[in-house]
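Structure, as structure tokens:
The values are calculated or read from the model by the stated rules, or taken from the named source; none is laboratory data. Because the structure is predicted, anything quoted here is derived from the model rather than measured. Here the Cβ is made from the backbone with ideal geometry for all residues, glycine too, and neighbour counts use every protein chain on show.
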Amino acid sequence: MLESFQEFFRTVADNHPTWNFIFFYDERQFGKVVSGLWMTIWLSVACVIFSVIIGVVGAAMQGAQSKIVRGIVSGYIQFFRNTPPFVQLLFFYFALGRFTPTYSPDGWLEIPIISNVGWAMISLSFFAGAFNVEIFRAGIESVPKSTQEAASALGYTRLQIYRYIVFPLALRVSIPSLNNNLVNLVKTTTQAFVIAVPELLYESITIWNDFPSAQNPMMVVLFVSYLALVGVVVLGMNKWEREMRVPGYGG
Amino acid sequence: MKKLLASTTAMALALSSVAASAADCTNDTWNKVVERGKLVVGVKADYKPWGFRDTDGNLVGMEIDMANEVAATMGVDVELVAVQSSNRMQFLEQGKIDLMIATMSDRADRREIVGIVGPNYYTSGTNILAPDALNFTEWEQLRDRPVCGKQGAFYNQIVEERYGANVIAFTGNAEAKQALRDKKCVAFVYDDSSIMADLVSGSWEGFSMPMPTEDDNPWALAVPKAEQNCVFGRFMSGMQYNWHKDGALLALEEKWGIQSTSYLKAQNDRYKDWLAE
């Protein structure tokens, strides 16, 4: 079965010089596609989780009474929201990368303890996190003052109000925008290519450089993979949105 | 009857092949270039001194000089487009450029995608830029070690599969070289001619090109695949033949401070006019 499957794609490659689905019959190239896909998924999942945490914490800090804390958060947002993620990746990896501790396996190499994958995760999480802070802030601001006052009249502390009243309501308002931002984040992981993170785009381009005949098939793989990945994110978020819905609240 | 059938078939075949070859040469690109009076050439912007940007940001270099001469010979203006190793063939395929002179190695699988025409105008092999401190002498020493490279170079795969190196391929030369300077890899695998030019430039103190050069591979310029055996392809063959014959490439090599290669001298001898002198 597998044999005839591979044989079929070998024939396709022979008859159509630009449609060489090499990864279906060459084990090494198949390995590259799979490892690239895993790296993209791993990067996406990690960045989604970290960026949401950053968003929640950042939005809470924005509501803090201390001016300094609020200043730090708004500085962070300005820095990460107003610079391109591409530049951030280069800056983190090449500029900040020099100041991180390194270890040396052979006396010359200086392998930084934060790898290019690590920097990609940090950079992309903070990038998307900056947007998430603003998204959650918008959600928080949509919670009526009177609701908060009612909670405070019932004896809730500031933290309790945020945790039990404001945040759950704000989250519901935030989900649609959050959905957008996370979809964007998954797509932005391709930019980690610039610091040679071996994700799906990197591996695809490597394959079509080594085998120019495999370019079209690799493009197809890229499109299908990202459609599927983003599809999973969107479906998940929509399901979550429906489950979180409070009847009569927020339309 | 059988004979008649056979002869009709033969005639039909002959006719169809005539029709096919006539239809093959529509010379679309050539006509387009002449009509609009402008030749768009894809060249490198990160491969000193073949194609790079000068301090004013203009694209200059040996291949740019070649591109200018092609346009001058055709009597049209030239527009230079910076291409990268990983997209140069696609640019040509999609008609974003009419001609590609971009330090491309002439490989069999590339000939199936773009219209590569001879004679090859240059050649280079694979070597590494590495710190003297590591005392590299043979390729086997790269096994299981991180080696920086550039996306789009055909020898990345060879170095990985033959010598087991871990190639970390960056999108551009600048990133790969920066990673080497930052000691993120033990070497930068690239064309020996380009590494030589870097070493001569004096900015790589303490580095050298220690390996025996491997996989010497001629370079090729390319026209769109459909133009390969038509006017444009034939014309570019003629341009290259003349560059070799009258020593123009040797002169360009000297102009741009490239260490002279035995390949160009051999080609110069090979195509020498037998009546000259």
Got at least one residue in the stretch A:63-82 being in contact (Cβ under 8 Å) with a residue 60 or more places away in the chain, within 14 Å of chain B (Cβ to nearest Cβ) and not small (G, A, S)?
no
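Okay, residues lined up against (1) within 29 Å of B:A169 (Cα to Cα); (2) at pLDDT below 95; (3) of a type in the set (S, T, N, Q):
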{"site": "B:D28", "(1), (2), (3)": "no, yes, no"}
{"site": "B:K32", "(1), (2), (3)": "no, yes, no"}
{"site": "B:F52", "(1), (2), (3)": "yes, yes, no"}
{"site": "B:T55", "(1), (2), (3)": "yes, yes, yes"}
{"site": "B:N58", "(1), (2), (3)": "yes, yes, yes"}
{"site": "B:S86", "(1), (2), (3)": "yes, yes, yes"}
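Let's see how each residue does on (1) in contact (Cβ under 8 Å) with a residue 40 or more places away in the chain; (2) under 30 Å from B:L180 (Cβ atoms):
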| residue | (1), (2) |
| --- | --- |
| B:P212 | yes, yes |
| B:Q240 | yes, no |
| B:S262 | no, yes |
| B:D269 | no, no |
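Listed residues A:A214, A:A196; which is within 11 Å of another protein chain (Cβ to nearest Cβ) and on the phi > 0 side of the Ramachandran plot? Spell out how you get there, then give the answer.
Details: A:A214 fails: on the phi > 0 side of the Ramachandran plot.
Testing whether each residue is within 11 Å of another protein chain (Cβ to nearest Cβ) and on the phi > 0 side of the Ramachandran plot leaves just A:A196.
If you take just the helices (runs of 4 or more DSSP H) that sit entirely in the stretch B:161-277, which of them hold at least 2 residues that are within 22 Å of B:Q84 (Cβ to Cβ) and either hydroxyl-bearing (S, T, Y) or touching a Phe, Trp or Tyr at 6+ places or on another chain (Cβ under 8 Å) (or both)? Write out each step before concluding.
Values: elements: B:173-181, B:192-200, B:231-245, B:248-255, B:262-270.
Ranges flagged: B:173-181, B:192-200.
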Here's a check for you: in the stretch A:110-121, which residue that is within 11 Å of another protein chain (Cβ to nearest Cβ) and not in a loop (DSSP other than H, G, I, E, B) is nearest to A:W42 (Cα to Cα)?
A:N116
Can you name every one of the helices (runs of 4 or more DSSP H) wholly within the stretch B:45-120 that holds 1 or more residues which are polar (S, T, N, Q) and within 13 Å of another protein chain (Cβ to nearest Cβ)?
B:88-93
Out of everything in the stretch B:239-277 that is under 26 Å from B:K48 (Cβ atoms) and among the acidic types (D, E), what residue ends up being farthest from the chain's Cα centre (by Cα)?
B:D246
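So which of A:T40, A:T11, A:T18 ends up being polar (S, T, N, Q), more than 14 Å from chain B (Cβ to nearest Cβ) and surrounded by 13 or more Cβ atoms within 10 Å (Cβ to Cβ)?
A:T40
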Residues of the stretch B:143-157 being surrounded by 20 or more Cβ atoms within 10 Å (Cβ to Cβ) and part of a helix (DSSP H, G or I), in sequence order, are B:Y155, B:N156
If we keep only residues of the stretch A:208-221 that are surrounded by 19 or more Cβ atoms within 10 Å (Cβ to Cβ) and hydrophobic (A, V, I, L, M, F, W, C), then the residue farthest from A:R28 (Cα to Cα) is A:V221
I'm trying to understand the selection: among the residues of the stretch A:198-245, which are within 23 Å of the chain's Cα centre (by Cα) and of a type in the set (S, T, N, Q)?
A:S204, A:T206, A:S225, A:N238
Apart from one, (1) polar (S, T, N, Q); (2) within 30 Å of A:Y162 (Cα to Cα); (3) at pLDDT 90 or above all hold for A:Q88; the odd one out is (2)
Restricting to the stretch B:19-78, name every residue that is within 16 Å of the chain's Cα centre (by Cα) and of a type in the set (G, A, S).
B:G42, B:A45, B:G51, B:G61, B:A67
